[in-house]
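Novice: Structure incoming, see below.
What follows is calculated from the coordinates using simple rules that are stated; it is not laboratory data. None of these values were measured; they are calculated from a predicted model. Note that each Cβ is placed from the backbone with ideal geometry, even for glycine, and that neighbours are counted across all protein chains shown.
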């Protein structure tokens, strides 16, 4: 029987073979030499090449603006979108965006080759899906391979994401997509029977339980190598929040050292090659403001499996303005998570929780980090709802691992938190990753006061999240909201409902304008 490492090596050799085969097929087409000119333009994850309008290559090959071009450097290749310029680059030169430079690993003056792009064969499967046909495993592997290798433009990615949106992926397709994502990237092995993890599907502002749960579970002596995403459609992701406290862009080897020393970590998954196609898909989902069910399941579980997890708790908040609106939808999602988990060898336990309102006080990276620290430090003013949600999740993980008998997980988790052991472990993990910093609120603030008395009956989570994003979160780490009016709060006239934080006066005014336009729907008061 082959070892896991042998299988991993065979998969990598097969991937290399496919890449070289694709490269050689592309090289049969005419190509031209150009000298690299870095142009210092951040295009996020999009490969952009800049060529002159009067460039002989453009003229001879018929290249025009937005043409997709194959770019080669040694054994590396990328697909880049052409931007035509007048004088940004010289004759015989090609400018490359920062992302294209990184992917090709080239520097100023290197010679690259450019040529026509061969048709992307896997896109025929995307077109087939757009017309309602199911995707076979081989089709999903081909699509994921091309996405991870940068062959899909953002337009093509948007087509794939849209074709798979809503509930357009069957359970079999989700399993196939998950396996394809795992196969394409790195995979960690820990040689332990219990590797714990948790995930919240999102849609609930301020629900930053992960840092607290990791502190508790690692303090119990269990292993929890936590990788997290940045925000997709929310004001903060766990990686955004933790970045205000410590370094999160760990390499795989750095992550392994931290976990072996401390039992846990807080790593940004995008800095590693764990399910790399997922990171590309997420970047376009963010722009489209789409988080489809099937791709979400594949995204979450591929990252968990790639990180070597064996036991995972999934938090599914349900509420009228949460991501999942009804109990029926939540139960269906829970069933699919558990089924896909079993198919790929993960033990998944789902928890359906209250998603009627935000969790904690802070909404935005630094503001949520302040809540996390307050809970871990056992501050008497720490948000009780965040504390209890974190304890509940940690309790299930402790029981899944057999750390304590069923029914005693909550007591054990509470002891670890209130004794200070969870905070000690949290500090140790942060220091092992580089440092523990104090998060800072943004400079500009606006306090929104109630214009009448009443009792808070309903809160719109989506409007609240949008307000925090308009204030600058998560791009501005200190931007966002401090929220003081949970459901049931008795409010007097001129009581403080929330505080807005922004890094500039302009962003603050923009957010204030939106706040006043949606005020009647944002917080509903009953007299």
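Novice: Report, in degrees rounded to the nearest 10, the 0 to 90 angle that the Cα long axis of helix 137-148 makes with the longest principal axis of the chain.
Specialist: Result, in degrees: 90.
Novice: Looking at the square roots a ≥ b ≥ c of the eigenvalues of the Cα gyration tensor of segment 184-432, which shape do they give, rounded for a/c under 1.5, prolate if a/b is larger than b/c, or oblate? List each step's numbers first, then the result.
Specialist: Working: a/c = 1.21, a/b = 1.09, b/c = 1.12.
Because its axes are fairly even, with a/c under 1.5, segment 184-432 counts as rounded.
Novice: What is the distance in Å between the Cα centroid of segment 329-395 and that of segment 485-524?
Specialist: Centre-to-centre (Cα) distance: 25 Å.
Novice: Quick one: if the Förster radius is 41 Å, what FRET efficiency do residue 379 and residue 170 give, using the C-beta to C-beta distance and rounding to 0.05?
Specialist: Working: r = 47 Å, r/R0 = 1.15.
FRET efficiency, residue 379 to residue 170: 0.30.
Novice: When a/c is below 1.5 the answer is rounded, else prolate if a/b is larger than b/c, else oblate, so apply that to segment 197-255 with a ≥ b ≥ c taken from the square roots of the Cα gyration tensor eigenvalues. Present the calculation step by step, with values, prior to reporting the outcome.
Specialist: Numbers: a/c = 1.99, a/b = 1.30, b/c = 1.53.
Oblate, because a/c is 1.5 or more while a/b does not exceed b/c.
Novice: When ranked by the protection proxy of mean other Cβ atoms within 10 Å per residue, highest first, what sequence do the peptides 235-242, 506-513, 138-145 form? Write out the running numbers ahead of the final one.
Specialist: Values: 235-242: 28.4, 506-513: 16.8, 138-145: 21.5.
Output ranking for 235-242, 506-513, 138-145: 235-242, 138-145, 506-513.
Novice: If you take every DSSP beta bridge fully contained in the chain, what fraction is antiparallel? Give it as a percent rounded to 5. It would help to have the intermediate numbers written out before the result.
Specialist: Working: 35 of 64 bridges.
Around 55 percent antiparallel, to the nearest 5.
Novice: Hey, for a label at residue 332 modelled as a point 7 Å past Cα toward Cβ, could you say which residues of segment 276-298 have their backbone N under 20 Å away?
Specialist: 290-298
Novice: Using a/c under 1.5 as the rounded threshold, could you call the chain rounded, prolate or oblate? The axes a ≥ b ≥ c are square roots of the C-alpha gyration tensor eigenvalues, and prolate needs a/b larger than b/c, oblate otherwise. Mind showing how you got there, number by number?
Specialist: Working: a/c = 1.87, a/b = 1.42, b/c = 1.31.
Prolate shape, in that a/c is at least 1.5 and a/b is the bigger ratio.
Novice: Under the rule of -39500 (n - 2.57) per DSSP H run of 4 or more residues, summed and divided by the residues of the chain, what mean residue ellipticity at 222 nm is obtained, to the nearest 500 deg cm²/dmol?
Specialist: On the way: 19 runs with 231 residues, N = 527.
Dividing the helical sum by the residues of the chain leaves -13500 deg cm²/dmol.
Novice: Using the per-residue mean of other Cβ atoms lying within 10 Å as a proxy for protection, in what order, highest first, do the peptides 285-293, 369-377 fall?
Specialist: Highest-to-lowest ranking by the protection proxy: 369-377, 285-293.
Novice: Below 8 Å between Cα atoms, with a sequence gap of 6+, how large is the relative contact order for the chain in percent?
Specialist: On the way: 1089 pairs, mean separation 73.0, N = 527.
Result for the chain is 14 percent.
Novice: Next question, about the same structure. What is the distance in Å between the Cα centres of segment 219-292 and segment 139-159?
Specialist: The two parts, judged by their Cα centres, are 22 Å apart.
Novice: In which sequence would 266, 423 go, from the one with the fewest C-beta neighbours within 10 Å to the one with the most? Show your work: numbers first, answer last.
Specialist: Working: 266 28, 423 21.
In order of increasing Cβ crowding within 10 Å: 423, 266.
Novice: Going by alpha carbons, how many degrees (0 to 90, nearest 10) lie between the helix axis of 276-288 and the longest principal axis of the chain?
Specialist: The angle comes out at about 70 degrees.
Novice: A follow-up question, please. So how tilted is helix 421-432 from the main axis of the chain? Cα-based, degrees 0 to 90, rounded to 10.
Specialist: Taking the Cα atoms of the chain, the angle to 421-432 is about 30 degrees.
Novice: May I pose another question? If each residue's Cβ is checked for other Cβ atoms within 10 Å, how do 167, 425 rank with the fewest at the top? If you can, show how the numbers build up before the last one.
Specialist: On the way: 167 13, 425 23.
Sorted ascending by nearby Cβ count, the order is 167, 425.
Novice: While we're on this one: Roughly how many nanometres apart are two label points built 7 Å out from the Cα toward the Cβ at residue 116 and residue 98?
Specialist: 3.5
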